[in-house]
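Undergrad: Before anything else, here's the structure in question.
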Amino acid sequence: LRSPRNPEQKIIKRVIALEGDIIKTIGYKKKYVKVPLGHIWVEGDHHGHSFDSNAFGPVSLGLLHARATHILWPPQRWQKLEPRLPAERKPLRREEE
């Protein structure tokens, strides 16, 4: 996705929550956030050391650019990325629940 702070920069993050989800944040100004319509919550794999939604909040879907499917570099890490969400980062509640 395009960085919300620098539109010239593209960043790769994991989508943690979709619009309507309630997420427990990690160091964001609010402990819990309901992701607004037209937005997603993204996080890097290195909690606390990643420039992600915990730093800048929900991200507009308009900034979403592509989907990562493989790791190509370094060669010893070549692999297909499987869509998985760490259990500790699953949304607390969906809006329709």
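Undergrad: Could you tell me the calculated FRET efficiency between residue 30 and residue 9, based on Cβ-Cβ distance and R0 = 25 angstrom, to the nearest 0.05?
TA: About 0.50, to the nearest 0.05.
Undergrad: Tell me what the chain gives for mean residue ellipticity at 222 nm when only DSSP H runs of n ≥ 4 count, each as -39,500 (n - 2.57), the sum divided by the residue total, rounded to 500 deg cm²/dmol. Mind showing how you got there, number by number?
TA: Details: 1 runs with 4 residues, N = 97.
Only helices count here, giving -500 deg cm²/dmol.
Undergrad: What are the GluC sites (Glu not before Pro) within segment 5-64 that DSSP puts in a loop, where the Cβ has at most 14 other Cβ atoms within 10 Å?
TA: 8
Undergrad: Further question: In terms of solvent-accessible area of protein heavy atoms at a 1.4 angstrom probe, what is the ranking of 69, 25, highest value first?
TA: Numbers: 69 70, 25 15 Å².
Of 69, 25, the descending order of accessible area is 69, 25.
Undergrad: Please name which of 50, 33, 83 has its Cα lying farthest along the dipole of the chain towards the positive end, using unit charges on Cβ (Lys, Arg +1; Asp, Glu -1) and the Cα centre as origin.
TA: Farthest towards the positive pole: 50.
Undergrad: Springs between alpha-carbon atoms under 10 Å, Gaussian network over the chain: tell me which of 58, 36, 75 tops the mean-square fluctuations.
TA: 75
Undergrad: Shifting gears a bit: At a 1.4 Å probe radius, which order do 26, 12, 40, 71 fall into by accessible area, largest first?
TA: Result of the area sort, largest leading: 12, 26, 71, 40.
Undergrad: Report ³J(HN,Hα) in whole Hz for each residue of segment 26-38, in order, from the Karplus equation J = 6.51 cos²θ - 1.76 cosθ + 1.60 where θ = phi - 60°; Gly and Pro get x.
TA: Karplus-based 3J(HN,Hα) across segment 26-38 equals 10, x, 6, 5, 10, 6, 10, 9, 8, 5, x, 4, x Hz.
Undergrad: Using the Kirkwood radius built from alpha carbon pairs, what does the Stokes-Einstein equation give as D for segment 14-65 at 20 °C and 1.002 mPa s, in µm² per second?
TA: 198
Undergrad: Another question about this same structure. Accessible area per residue for the chain in Å², computed with a 1.4 Å probe and the full protein assembly in place, what is it?
TA: 71
Undergrad: In addition: Find the relative contact order for the chain and round it to a whole percent, using C-alpha pairs within less than 8 Å whose residues are 6+ positions apart.
TA: Relative contact order, the chain: 30 percent.
Undergrad: Another question about this same structure. Could you name the lysines in cross-link range of residue 31, using Cα to Cα under 28 Å and dropping any fewer than eight places away on the same chain?
TA: List returned: 10, 13, 90.
Undergrad: Oh, and also: Roughly speaking, to the nearest percent, how much of the chain's 1.4 Å accessible area is carbon and sulfur?
TA: Heavy-atom surface of the chain belonging to carbon and sulfur, 1.4 Å probe: 54 percent.
Undergrad: First measure r as the distance between the Cβ atoms of residue 90 and residue 45, then evaluate 1/(1 + (r/R0)^6) with R0 = 22 Å and state the FRET efficiency to the nearest 0.05.
TA: Numbers: r = 15 Å, r/R0 = 0.70.
With a Förster radius of 22 Å, E is 0.90.
Undergrad: What number in nm² do you get for the chain if you take the convex hull of its Cα atoms and divide its surface by four?
TA: With every direction weighted equally, the projected area is 6.9 nm².
The values are calculated or read from the model by the stated rules, or taken from the named source; none is laboratory data. The shown structure was predicted, so the numbers you read here are calculated from the model rather than taken from an experiment. Neighbour counts are summed over all protein chains in view; Cβ atoms, including those assigned to glycine, are modelled from backbone coordinates with ideal geometry. To get the accessible areas, we keep the full protein, side chains included, count just its heavy atoms, and leave off ligands, DNA and RNA. Shrake-Rupley method; radii C 1.70, N 1.55, O 1.52, S 1.80 Å.
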